[in-house]
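Asker: Here it is, the structure in full.
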Amino acid sequence: MKEINISGVLEKIIERADFPILKCKEILDKEITTILGYGPQGRGQSLNMRDQGFNIIIGLRKGDSWKKAIADGWVDGENLFEIEEAVKRGTIIQFLLSDAGQIQAWPTVKENLEPGNALYFSHGFGIVFNEHTKIEPPKNIDVILVAPKGSGLTVRTHFLEGRGINASYAIYQDYTGNAHNRCIATAFAIGSGHLFETTFKKEVHSDLTGERCVLMGLLQGAFLAQFEVLREHGHSPSEAYNETIEEALQSLYPLVAENGMDWMYSNCSTTAQRGALDWAPKFYNVLKPIIEDCYQNVLNGNEAKISIESNSKKDYREKLEIELEAIKNQEMWIAGKQLRKLRPENI
Ligand SMILES: NC(=O)c1ccc[n+]([C@@H]2O[C@H](COP(=O)([O-])OP(=O)(O)OC[C@H]3O[C@@H](n4cnc5c(N)ncnc54)[C@H](OP(=O)(O)O)[C@@H]3O)[C@@H](O)[C@H]2O)c1
C-alpha cells in the first residue's frame, strides 16, 4: 500500500505487491466467478483470470458472444452456460453485459442470486442511475466495482505484455464483511496494475464526463475542426492529417504520456513553445464551461436518460450505423485509413 499526497489530498494506492496472485487465490479459493458478457471487458477479464488459474465460468445468451467464447476455448456445459444457469453456479457474479443489456438481464440475474454472493460491476452506471435502470440489488449480497481505466482490449493486451491496467475500485454494499478482499483479489485476478479507491457515483460521473470530453467527444471535435480549417485553406489531406492526428498520436501524445506536458513544452522548438503557451488559455476559456455543462448533465442524470432511451429504441442499431458511417466517411478518417497503411511498420 502506497500513500500519495497530491496538493494535500492523501490517497492510498494498492499495488500488486500488496496482493500477490497467491494471496488472491487464497481469498478466492472457495469462490466460483461467473462472468456475464463477452464484450471487450468480459473477454479481457475472463481470459486474464483463466490464464492466472482462477475458478471461472462464463454466462451468455446464445449469439455472437457465445460463438466468440467457443472460439476462445470455453466449453458449453463445462465453463460456458446461459445466463440463468451461470448465475446459479457462481458466487461472484461479474455483470459485464453492455449497460443496456444489464437492464434487460437484471430480472434474471436478481432472481438467481443467493445470499452472500457478490455482484461485481466495471461501471457504476446500473447502480447509480437505478431510477432509470431499475437495478436495485438485494441487501443480502456484496456489491463491488473494479473499473479498468481503459478499453477492455487493453485489459487483455497489457496483461499479455506483462503490464497491467490501472483500475479504480469501490464497495457499495458489504454484506459478508469480506467485500473488500473479494473486490481487491478479483481486481488483481483480472490483471489490474494498481488500484485507487472511488465510489460508484464518482466512478460513473468521471467516466461519463471523460468519454464525452477529452477521451472521445472533445477529441473528435478538435481533430475535425483543425483538419477542416487546414483543408479549407488549401492544405492537402496528407498534410492536414499528419499535422492534426498522426503527429499527435504517434509522436507527441506518447511523449506527454511518458514525461508530462511541462516536459513537452520544454522540449519542443521555441516557436512551438511560444504558440502553445499563448493559445492554450484561449482553448481553456472556451472549453471549461462546456466541460462543466457536460458534467452537470451527467450529474443530473440527463446523459444516462439519453443513453438508455436511445438504446431502447427499436431502430437504435440502424440509426447508430448511419452515424458511425458518417464519421468513417469524413475525409479526415478516409485519409487516416490510407495513411496508416503507409506507416513503415505496415509496409
Ligand atoms: N468497453 C470498455 O472499454 C469498458 C471500460 C471500462 C468499463 N466498461 C464497462 O464494462 C461493462 C461491459 O462493457 P463492454 O464494453 O465489455 O461490453 P459491451 O460491448 O457493452 O457489451 C457486450 C456484451 O453484452 C451482451 N449483451 C448485450 N445485451 C444483452 C442482453 N440483452 N442479454 C444478454 N447479453 C447481452 C453481448 O452479448 P451478444 O454478443 O450476445 O449481444 C456482449 O457479450 C459495461 O458496464 C461497461 O460500461 C467498459
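Computed from the coordinates by the stated procedures, all read-outs in this text should not be read as laboratory data. None of the values given here were measured: they were computed from a predicted structure. Cβ: placed from backbone, ideal geometry, glycine included. Neighbour counts: every protein chain shown.
Asker: For LYS110, give me every one of the aspartates and glutamates with a C-alpha distance below 14 angstrom, ignoring sequence neighbours fewer than eight places off in its own chain.
Answerer: Output for LYS110: GLU84, GLU85, GLU136, ASP142.
Asker: What's the percent breakdown of Cα-Cα distances in the range 196-266 across 10 Å bins, shortest bin first?
Answerer: Each 10 Å bin holds this share of Cα pairs: 18, 32, 34, 13, 4.
Asker: Stick to the Cα atoms of the range 210-346, pair each with every other, and give me the Kirkwood hydrodynamic radius in Å at one decimal. Don't jump to the answer; show the numbers that get you there.
Answerer: Values: mean 1/r = 0.0566 Å⁻¹.
For the range 210-346, the Kirkwood estimate is 17.7 Å.
Asker: Something else: Round to the nearest 0.05 the FRET efficiency obtained for LYS23 and ILE290 when R0 = 51 Å and r is the Cβ-Cβ distance. Don't jump to the answer; show the numbers that get you there.
Answerer: Values: r = 45 Å, r/R0 = 0.88.
Efficiency for this residue pair is about 0.70.
Asker: Quick one: Debye curve from the alpha-carbon atoms of the range 298-347 only, equal weights, vacuum; give me log10 I(q)/I(0) at q = 0.14, 0.22, 0.31 Å⁻¹ to two decimals.
Answerer: -0.60, -0.81, -1.02
Asker: Another question, if that's okay. Taking N as the number of residues in the chain, what is its Cα Rg relative to 2.2 N^0.38 Å? Write out the running numbers ahead of the final one.
Answerer: On the way: Rg = 22.3 Å, N = 347, 2.2 N^0.38 = 20.3 Å.
Computed over Cα atoms of the chain, the ratio equals 1.10.
Asker: Another question about this same structure. Take the eigenvalues of the Cα gyration tensor for the range 82-239, scale each by 5, and report the square roots as semi-axes in whole Å, largest first.
Answerer: 36, 18, 14
Asker: Hey, if you drop one equal point scatterer on each alpha-carbon of the range 2-198 and run the Debye formula without solvent, what base-10 log of I(q)/I(0) do you get at q = 0.18 Å⁻¹?
Answerer: Computed log10 I(q)/I(0) values: -1.27.
Asker: Something else now. Please give the calculated 222 nm ellipticity per residue for the chain, where each DSSP H segment of at least 4 residues contributes -39500 (n - 2.57) and the sum is spread over every residue; nearest 500 deg cm²/dmol?
Answerer: Details: 18 runs with 186 residues, N = 347.
Theoretical 222 nm ellipticity from helices: -16000 deg cm²/dmol.
Asker: Mind ordering 297-303, 278-284, 188-194, 242-248 by average Cβ neighbours within 10 Å, highest first?
Answerer: Values: 297-303: 15.7, 278-284: 10.0, 188-194: 24.3, 242-248: 17.3.
The peptides rank, most packed first, as 188-194, 242-248, 297-303, 278-284.
Asker: If amide H atoms are built 1.01 Å from N in the plane of the peptide, which residues on other chains or at least 5 residues away come under 5 Å of the amide H of GLY124?
Answerer: Amide H neighbours of GLY124: VAL204.
Asker: Something else: Quick one: Karplus J couplings for the range 55-67, per residue in order, coefficients 6.51, -1.76, 1.60, θ = phi - 60°, nearest Hz, x for Gly and Pro?
Answerer: 7, 9, 10, 10, x, 9, 7, 7, x, 4, 5, 4, 4
Asker: Placing +1 at every Lys and Arg Cβ and -1 at every Asp and Glu Cβ, with all other atoms neutral, what dipole size does the chain have around its Cα centre, in debye to the nearest 20? Provide the component values of the computation, followed by the final result.
Answerer: Details: 38 positive and 47 negative charges, 80 e Å.
About 380 debye.
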